[in-house]
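Asker: Would you mind keeping the following structure in view while I ask a few things?
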Amino acid sequence: MAGFDKVVTSYTEALEGLEDNMTIIAGGFGLCGIPENLIAEIKRRGTRGLTIASNNAGVDGKGLGILLEDRQIKKMIASYVGENALFEAQMMSGELEVELTPQGTLAEKMRAGGAGIPAFFTATGYGTPVGEGKEVREFNGRHYILEEALQGDFSIGKAWKADRYGNLMFRKTARNFNPMAITAGKIAVVEVEEIVEVGQLDPDEIHLPGIYVNRLIQGTFEKTIEQRTVRSA
């Protein structure tokens with residue numbers, strides 16, 4: 001995309017240039033705030049050999065879980081397996097390479113990638129398998145391990161509202177990993193519920209400026225509830 005207007009009109013155009021063996025940084029937490037239509041487009045394309053960094057891989061049949069069904073993901077970088085039985089089965093069998101990363105560290109790896117920071121030190125994971133083989137330094141009497149930033153060929157995210165320049169607003173919990181994930185892609189693609197004209201968003205309410213966004217598309221969303229809890233009166 002060139003120029004200020006980031007809007008595209010089809011999901012095919014939104015993911016133009018996505019190829020096998022690329023790395024994708026994906027926003028969302030469980031099924032909340034996931035770019036579900038962009039994920040569906042990846043499935044439709046049949047793109048394979050992907051490395052995907054995301055908090056988790058959705059659930060069976062939803063979110064990133066649909067890409068596991070056709071073995072499109074080669075490697076997952078995630079903070080936990082969650083309730084995805086297929087993710088667990090492929091990881092345990094060795095079919096899927098998995099790099100489990102502490103949740104806060106994963107968020108910071110994405111943020112650092114978007115900010116152009118190549119690596120950072122964190123105390124999280126020191127003395128555990130997470131820290132094995134990583135550089136260790138001591139600051140103020142405490143040990144820290146060096147973690148490298150994450151950057152993707154593409155990043156995909158979901159926002160609530162945007163203007164045509166790609167300035168984004170997120171809604172409540174759906175904000176989760178999305179701001180960090182979006183910034184960490186060389187090509188950042190975001191789907192939103194509503195697109196408004198430039199000038200209609202209050203600058204003080206913009207969570208992520210459009211400088212980070214390359215392509216923007218308006219979609220419709222299922223908003224699946226991951227766990228339904230009911231209680232009688």
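Asker: In segment 155-205, what residues are more than 16 Å from ALA26 (Cα to Cα) and of a type in the set (Val, Ile, Thr)?
Answerer: ILE195, VAL196, VAL198, listed by residue number.
Asker: So, in segment 99-153, exactly how many residues are touching a residue at least 60 places away in the same chain (Cβ under 8 Å), more than 14 Å from the chain's Cα centre (by Cα) and assigned to a loop (DSSP other than H, G, I, E, B)?
Answerer: The number of residues fulfilling the criteria is 0.
Conditions (1) within 27 Å of PHE121 (Cα to Cα); (2) over 17 Å from the mean Cα position of the chain (by Cα); (3) β-branched (Val, Ile, Thr), marked per residue:
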{"site": "ILE156", "(1), (2), (3)": "yes, no, yes"}
{"site": "TRP160", "(1), (2), (3)": "no, no, no"}
{"site": "ALA174", "(1), (2), (3)": "no, no, no"}
{"site": "PHE177", "(1), (2), (3)": "yes, no, no"}
{"site": "LEU201", "(1), (2), (3)": "no, yes, no"}
{"site": "HIS207", "(1), (2), (3)": "yes, no, no"}
{"site": "ARG215", "(1), (2), (3)": "no, no, no"}
{"site": "GLN218", "(1), (2), (3)": "no, yes, no"}
{"site": "GLU222", "(1), (2), (3)": "no, yes, no"}
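Asker: Is it the case, given these coordinates, that GLY82 is touching a residue at least 40 places away in the same chain (Cβ under 8 Å), surrounded by 16 or more Cβ atoms within 10 Å (Cβ to Cβ) and within 13 Å of ALA181 (Cβ to Cβ)? Even if it seems obvious, please write down each step before you answer.
Answerer: Numbers: touching a residue at least 40 places away in the same chain (Cβ under 8 Å): yes; surrounded by 16 or more Cβ atoms within 10 Å (Cβ to Cβ): yes; within 13 Å of ALA181 (Cβ to Cβ): no.
For GLY82, the condition - touching a residue at least 40 places away in the same chain (Cβ under 8 Å), surrounded by 16 or more Cβ atoms within 10 Å (Cβ to Cβ) and within 13 Å of ALA181 (Cβ to Cβ) - is not met.
Asker: With respect to PHE87, is the statement that it is modelled with pLDDT under 95 and either open to solvent by less than 60 Å² (accessible area, probe 1.4 Å) or under 20 Å from ALA184 (Cα atoms) (or both) true?
Answerer: Details: modelled with pLDDT under 95: yes; either open to solvent by less than 60 Å² (accessible area, probe 1.4 Å) or under 20 Å from ALA184 (Cα atoms) (or both): yes.
Yes.
Asker: When segment 47-65 is examined, which residues are found to be without any contact (Cβ under 8 Å) to a residue 60 or more places away in the chain and open to solvent by 30 Å² or more (accessible area, probe 1.4 Å)?
Answerer: Within segment 47-65, ARG48, ASP60, GLY61 qualify.
Asker: Going by the conditions given, is GLU36 acidic (Asp, Glu) and open to solvent by less than 60 Å² (accessible area, probe 1.4 Å)?
Answerer: Numbers: acidic (Asp, Glu): yes; open to solvent by less than 60 Å² (accessible area, probe 1.4 Å): yes.
Against the criterion (acidic (Asp, Glu) and open to solvent by less than 60 Å² (accessible area, probe 1.4 Å)), GLU36 qualifies.
Asker: Looking at (1) among the basic types (Lys, Arg); (2) within 19 Å of THR23 (Cα to Cα); (3) buried (at least 19 other Cβ atoms within 10 Å of the Cβ), which is the only condition LYS74 fails?
Answerer: Checking LYS74 against (1) among the basic types (Lys, Arg); (2) within 19 Å of THR23 (Cα to Cα); (3) buried (at least 19 other Cβ atoms within 10 Å of the Cβ), the one that fails is (3).
Asker: Ok, one more. Identify the residue in segment 154-197 that is part of a loop (DSSP other than H, G, I, E, B) and open to solvent by 70 Å² or more (accessible area, probe 1.4 Å) and, among all such residues, is farthest from GLU36 (Cα to Cα). Walk me through it before giving the result.
Answerer: So the first thing to find is which residues in segment 154-197 are part of a loop (DSSP other than H, G, I, E, B), and the list is 164-167, 170-171, 176-177, 184, 197.
Filter once more, keeping what is open to solvent by 70 Å² or more (accessible area, probe 1.4 Å): 164-165, 171, 197.
On the way: ARG164: 21, TYR165: 22, ARG171: 16, GLU197: 24 Å.
Taking the candidates together, the pick is GLU197.
Asker: Of the residues in segment 18-53, how many are among the acidic types (Asp, Glu) and over 21 Å from GLY219 (Cα atoms)?
Answerer: Taking segment 18-53 first, the residues among the acidic types (Asp, Glu) are 19-20, 36, 41.
This time we only want the ones that are over 21 Å from GLY219 (Cα atoms), so: 19-20.
Number of matching residues: 2.
Asker: Please determine whether any residue of segment 85-92 is at positive phi and either of a type outside the set (S, T, N, Q) or touching a helix residue (DSSP H, G or I) at 6+ places or on another chain (Cβ under 8 Å) (or both).
Answerer: Step one: of segment 85-92, the residues at positive phi are none.
No, segment 85-92 has no match at all.
The values are calculated or read from the model by the stated rules, or taken from the named source; none is laboratory data. No experiment lies behind these values; they were computed from the predicted model shown. For neighbour counting, all protein chains shown are included, and Cβ atoms are generated from backbone atoms with ideal geometry for every residue, glycine included. These area figures cover heavy atoms from the full protein model, side chains too; ligands, DNA and RNA do not enter into them. Shrake-Rupley method; radii C 1.70, N 1.55, O 1.52, S 1.80 Å.
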